[in-house]
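Undergrad: Below you will find the structure I want to go over with you.
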Amino acid sequence: MRKKIVAGNWKMNLNDSEASELIQNVNAEKINDVELIIFPPFLYLDRAVNNSIQTKVGAQNCYPENSGAFTGEISPEQLQSVGVEFCLVGHSERRSILGESNAFLKSKVNALLSNQLQVVFCCGEVKEERESGVQNQIVKNQLEESLFHLSEEDFQNVIVAYEPVWAIGTGLTASSDQAEEMHAFIRSLIAQKYSESTAENTSILYGGSCNPTNAQELFSKENVDGGLIGGAALKADSFLAIAKSF
């Protein structure tokens, strides 16, 4: 049975004291049967690991080398050494703002898995692609070019997060039916590439403006296994409310 997951991507938010308070508060209330993952900025990862009672900790990014002359970057080896268990790969903001290609994301996936970290791989289409009806092909290309080189065994350490880019920070949300349609399509691609068993055991999260108001409807869908939460993850009350929406 695949995991139910609610993951909070803090992005470039919160100062030192705010981060400490949020780490404390999201760990203060026990949530059963849902895996909680928080993705703080690099500065707070060590603190999050050391103060997490129920949450697991992920990094928002990495560079696909274990060491070297890469000023300002953080390696998978360094993340693993401080107890980080997950890392985001392919978030739409890194694709669009920082120009990260599918090939570069593939190298990150390989580096993370070789260091025993789990990958939360983001995929999704922009508004123009959705309006043109090519969203399935866009997502298929992203998966094929960055993930589907993996062995079936390695793929067990991947969580997929579908993020309709047009619904991130815009106030728009894909309908629960639109989310279910894409999640079912992604699961079918995994089944075709690997097996029905692997597809059934892969958690696929929804990552487009999920909040306490719409989470229950989204999570009621057969192929929506949780959420990658942005703004609503910056407050413990709203993040935990989403986790209770199952």
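Rule-based calculations on the coordinates, nothing more; no lab input. All values reported here derive from a predicted model rather than from experimental measurement. Reconstructed Cβ throughout: ideal geometry from the backbone, glycine too, with neighbour counts over all protein chains shown.
Undergrad: Work out the length of the dipole vector of the chain about its Cα centre, built from +1 on the beta-carbon of each Lys and Arg and -1 on the beta-carbon of each Asp and Glu, and round it to the nearest 20 debye.
TA: Values: 19 positive and 32 negative charges, 40 e Å.
Roughly 200 debye, rounded to the nearest 20.
Undergrad: Under a plain spin-label model, where a point goes 7 Å from the Cα along Cα-to-Cβ, how far apart in nm are Gln116 and Phe70?
TA: 2.0 nm
Undergrad: Check cross-link reach from Lys193 to the aspartates and glutamates: straight Cα distance under 16 Å, and skip same-chain residues fewer than eight apart.
TA: Glu144, Glu145, Glu152, Glu153, Asp154
Undergrad: If neighbour count is taken as other Cβ atoms inside 10 Å, put Asp154, Asp237 in order from fewest to most. Walk me through the numbers on the way to the answer.
TA: Values: Asp154 15, Asp237 12.
Result, fewest neighbours first: Asp237, Asp154.
Undergrad: Given the C-alpha centroids of segment 156-188 and segment 20-34, what is the distance between them in whole angstrom?
TA: 25 Å
Undergrad: Return the tail of the calculated pair distribution for segment 133-222, meaning the percent of Cα-Cα pairs more than 20 Å apart. Display every interim value, and only then the final one.
TA: Numbers: 1402 of 4005 pairs.
Value for segment 133-222 (Cα pairs over 20 Å): 35 percent.
Undergrad: Where the Cα atoms of the chain are projected onto their three principal axes, how long is each span, largest first, in whole Å?
TA: So the three principal-axis extents are 45, 44, 34 Å.
Undergrad: From Cα pairs below 8 angstrom and at least 6 apart in sequence, can you work out the relative contact order of segment 1-146, rounded to a whole percent?
TA: Details: 216 pairs, mean separation 25.9, N = 146.
Once normalised by length, the contact order is 18 percent.
Undergrad: Additional query: Can you tell me, using C-alpha contacts under 8 Å and at least 6 residues apart, the relative contact order of segment 5-243 as a whole percent?
TA: Numbers: 437 pairs, mean separation 48.1, N = 239.
Across segment 5-243, relative contact order equals 20 percent.
Undergrad: What are the ³J(HN,Hα) couplings of segment 78-86, residue after residue, when phi is run through the Karplus curve with 6.51, -1.76, 1.60 and θ = phi - 60°? Round to Hz, x for glycine and proline.
TA: My calculation for segment 78-86 gives 5, 4, 5, 5, 9, x, 5, 10, 9 Hz in order.
Undergrad: From zero up to wherever the largest Cα-Cα distance of segment 5-56 sits, split into 5 Å bins and tell me the percent of pairs in each.
TA: That works out to 4, 21, 36, 25, 10, 3, 0, in percent per bin.
Undergrad: What is the spin-label model distance, in nm, from Glu145 to Glu77 if the labels are put 7 Å beyond Cα along the C-beta direction?
TA: 3.0 nm
Undergrad: Let me ask something else about it. What are the lysines whose alpha-carbon lies under 24 Å from the alpha-carbon of Lys235, with same-chain residues fewer than 8 places away excluded?
TA: By straight Cα distance, Lys235 reaches Lys3, Lys4, Lys11, Lys30, Lys56, Lys244.
Undergrad: If the chain between Ala28 and Ser197 were fully stretched, how many nm would it gain, using 0.36 nm times the residue separation less the Cα-Cα distance? List each step's numbers first, then the result.
TA: On the way: separation 169, 0.36 × 169 = 60.84 nm, distance 3.54 nm.
Between Ala28 and Ser197, full extension yields 57.3 nm more.
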